[in-house]
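Colleague: Once you've had a glance at the structure underneath, I'll fire off some questions.
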Amino acid sequence: METYALFIFLFSLCLSTPNIIMADDSDVIDLSEFDSSGFVSELKKHDTVLVEFFAPWCGHCKRLAPEYSKAATSLLSNDPPVPLAKVDCTTDKGKEVCSEYGVSGYPTLKIFKDGKFHAEYSGPREADGIVKYMRSQVGPASKLYKSFASINDKIVLAKEVIVLGIFKSESDSLATKFHKAADRLRESVVFGHIHTDEATDDVSALTSVKAKVSVPSVILIRPQTMSNKFEDSVVVWDESGSLDDWVNSQYHGLVGHRTQSNMPDFKTPYVVVYYDVDYVKNPKGTNYWRNRVLKVAQNHPKTRFAISNAQAFAGELEEFGLEPDRSGRDAVPLVGARDAEGKKYVMKEKFTVAALEEFVKDFAAGKLEPHLKSEDVPTDNTGPVKTAVAKNFDELVTQSKKDILIEFYAPWCGHCKKLAPTFEELGKALQDESSVEIVKMDATANDVPPTFEVHGFPTIFWYPSSSKQPKKYEGGRDLQDFINYIAKHATTELDGYDRDGKQKKTEL
């Protein structure tokens, strides 16, 4: 009885503890026990293989594991199959293989073809993104179909957009344009084509396409789960402009499904509606809210609209000062927007079609106040190093007539703590300079303007008054290093230092 109780306890612990990953990775080929020659021999059994080099203790590897496993299972049914493999770099033989292929961090993913290294994997790291990216690495950019019936079967089951070329033969001039575009877009778009002169049936077998299709033509077909009454499910290219541009502009439709892997597709200005978006487990509920967003989106063609899963984008919602509603499918959507400059806006009213319409109108007209994550402006900011927060950033930095050296830091960052006394000394050394200001900002508690790209801490920028263009500081971090840099690059020569950073003699 005690043994059974212990089993139940451990089982429930596994289900409730986020750090314990319960994923069946049986479809991932484990190559950890092969030496270099054995590793190559195993890879040669397949045309194209994606290999993950990992360490069991690595947190990023643990997070990737379930996604990698899902992708492996999906790609086994691809035509042709694309195996996913892994190598544990902490095993004796794994160390040898990882060293040979220059693995210096975890997880590292590499693509191999015919047993040889082909390219670094640069795609998404969630299951759907991995599948899409690796499918693009095998075979031609566009799949040739022999019948319209087989294309129809593909369309019915499709979970993503398909761009289909219909030609009499490969000699059609439109076919040449189509294949060139497919080569350029193969990593993000699924292409297929058919030759009517060789097809075993005719276009009437394409029963899932409710549109008049002529030959030759290129059509974009949206998945049936995204079908709605506000836009056509099938769009025909009118052959004006670039085919690449047309595909990119039509791909996501009026309201796209924005995920972690396709975020770059959604350029500002955009409006994102966050809720329990799930086209696998709850397509009907997902489209219930999406249809309401579509009703508004059709009136605002110059603004891009998207829906995103609130839990997957919890960090982004936090940037808007919002928190995901964890009540599941009954959760009311939350709305955030970014303008062309990257400034953020939040819909404060409870979601309704009317409220969203009003919010979008005011957003497009520039009537809304941007949302800023900001600490309070310091009551006393007279010290040698000035403190910037989001609320006073323009006044203290971007609108200042002085040259600015600004450090973006995190309170928990060890390197930042080590730098702090030197930065304070620098402020004291230059506090009598009328043309230079030394500034610091907690980038974890305040929004950083998009012109300052901060990806780690500390990040230091030189912001000269002459150009108002930030330049990342890459110099040394001793006091004299900073002084030398500022003295050399100052718009106006410093009062106390020459251009070489040497202190000027004071005349008596």
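Colleague: Please compute the modelled spin-label separation between Val332 and Thr352, points set 7 Å along Cα→Cβ, answer in nm with one decimal.
Modeller: Calculated label separation equals 0.9 nm.
Colleague: Only sites in a loop by DSSP and with at most 13 other Cβ atoms within 10 Å count here; which trypsin sites (Lys or Arg not before Pro) in segment 53-153 make the cut?
Modeller: Those that pass, being in a loop and sparsely packed, are Lys146.
Colleague: Mind checking which lysines have their Cα closer than 22 Å to the Cα of Lys302? Skip sequence neighbours fewer than 8 apart in that chain.
Modeller: Cα-Cα hits under 22 Å: Lys229, Lys267, Lys343, Lys344, Lys361, Lys367.
Colleague: Now a separate question. Note down the nm distance, to one decimal, between modelled labels 7 Å out along Cα→Cβ at Ser434 and at Lys281.
Modeller: 6.6 nm
Colleague: When Rg and Dmax of the Cα atoms in Å is calculated directly from the model, which label among (i) 28.3, 100; (ii) 26.3, 82; (iii) 21.6, 75 fits?
Modeller: After the calculation, the listed value that fits is (i).
Colleague: Would you mind checking the pairs Lys45/Lys110; Lys86/Lys472; Lys146/Lys281; Lys62/Lys281; Lys402/Lys505; Lys132/Lys281 and listing those with alpha carbons more than 26 angstrom apart? Numbers along the way, then the final one.
Modeller: Values: Lys45/Lys110 17 Å; Lys86/Lys472 38 Å; Lys146/Lys281 33 Å; Lys62/Lys281 24 Å; Lys402/Lys505 24 Å; Lys132/Lys281 20 Å.
Cα-Cα > 26 Å for Lys86/Lys472; Lys146/Lys281; rest within.
Colleague: Convex hull over the Cα atoms of segment 246-334, averaged projected area in nm²? If you can, show how the numbers build up before the last one.
Modeller: Numbers: hull surface 23.7 nm².
That works out to 5.9 nm², a quarter of the Cα hull's surface.
Colleague: Which value results for Rg/Rh of segment 225-294 when Rg is the Cα radius of gyration and Rh the Kirkwood radius based on the inverse mean 1/r? Could the numbers behind the result be given before it?
Modeller: Values: Rg = 13.4 Å, Rh = 13.6 Å.
That ratio equals 0.98.
Colleague: A further question follows. Apply 1/(1 + (r/R0)^6) to the Cβ-Cβ distance of Lys504 and Ala365, taking R0 = 60 Å, and write down the FRET efficiency to the nearest 0.05. Intermediate values should be presented prior to the final figure.
Modeller: Numbers: r = 54 Å, r/R0 = 0.90.
So the FRET efficiency works out to roughly 0.65.
Colleague: Related question: Of all beta bridges DSSP finds with both residues in segment 52-181, what is the antiparallel percent, to the nearest 5?
Modeller: Numbers: 6 of 9 bridges.
Once the DSSP bridges in segment 52-181 are tallied, antiparallel ones form about 65 percent.
Colleague: Hey, another quick one. How far is it, in nm, from the label point at Met263 to the one at Val138 when both lie 7 Å from their Cα along the line to the Cβ?
Modeller: Label at Met263, label at Val138, 2.9 nm between them.
Colleague: Something else now. Counting helices only, and only those DSSP H runs with n ≥ 4, report the 222 nm mean residue ellipticity of the chain as the sum of -39,500 (n - 2.57) divided by its residues, in deg cm²/dmol to the nearest 500. If you can, show how the numbers build up before the last one.
Modeller: Values: 13 runs with 150 residues, N = 508.
That comes out to -9000 deg cm²/dmol.
Colleague: Restricting to the chain, compute how many DSSP beta bridges are antiparallel as a %, nearest 5. Numbers along the way, then the final one.
Modeller: Numbers: 35 of 71 bridges.
Taking every DSSP beta bridge with both residues in the chain, the antiparallel ones total about 50 percent.
Colleague: Sticking with this structure for a sec: Please report how far the C-alpha centroid of segment 331-387 lies from that of segment 155-217, rounded to the nearest whole angstrom.
Modeller: Each part reduced to its Cα centre gives a spacing of 44 Å.
Colleague: Can you tell me the FRET efficiency between Tyr288 and Asp153 if r is taken as the Cβ-Cβ distance and R0 is 41 Å, rounded to the nearest 0.05?
Modeller: Calculated value: 0.90.
Colleague: Which of the trypsin sites (Lys or Arg not before Pro) found in segment 293-332 are loop residues per DSSP with 14 or fewer other Cβ atoms within 10 Å of their Cβ?
Modeller: Details: sites: Lys295, Lys302, Arg304, Arg326, Arg329; in loops: Lys302, Arg326.
Sites meeting the loop and neighbour criteria: Lys302, Arg326.
Colleague: Moving to a separate point now. Within the chain, what is the longest stretch that has no GluC sites (Glu not before Pro) placed in a DSSP loop and near at most 10 other beta-carbon atoms within 10 Å?
Modeller: Numbers: sites that count: Glu474, Glu507.
The longest uninterrupted stretch comes out as 1-473.
Colleague: Please list the radius of gyration and Dmax for segment 406-464, considering alpha-carbon atoms only, with Å as the unit.
Modeller: Just the Cα atoms of segment 406-464 yield Rg and Dmax of 11.9, 32 Å.
Every number here is computed from the coordinates shown, using simple stated rules; none is lab data. Note that the structure is predicted; figures quoted are calculated from it, not measured. No Cβ is skipped: glycine too gets one built from the backbone with ideal geometry, and neighbour counts run over all protein chains shown.
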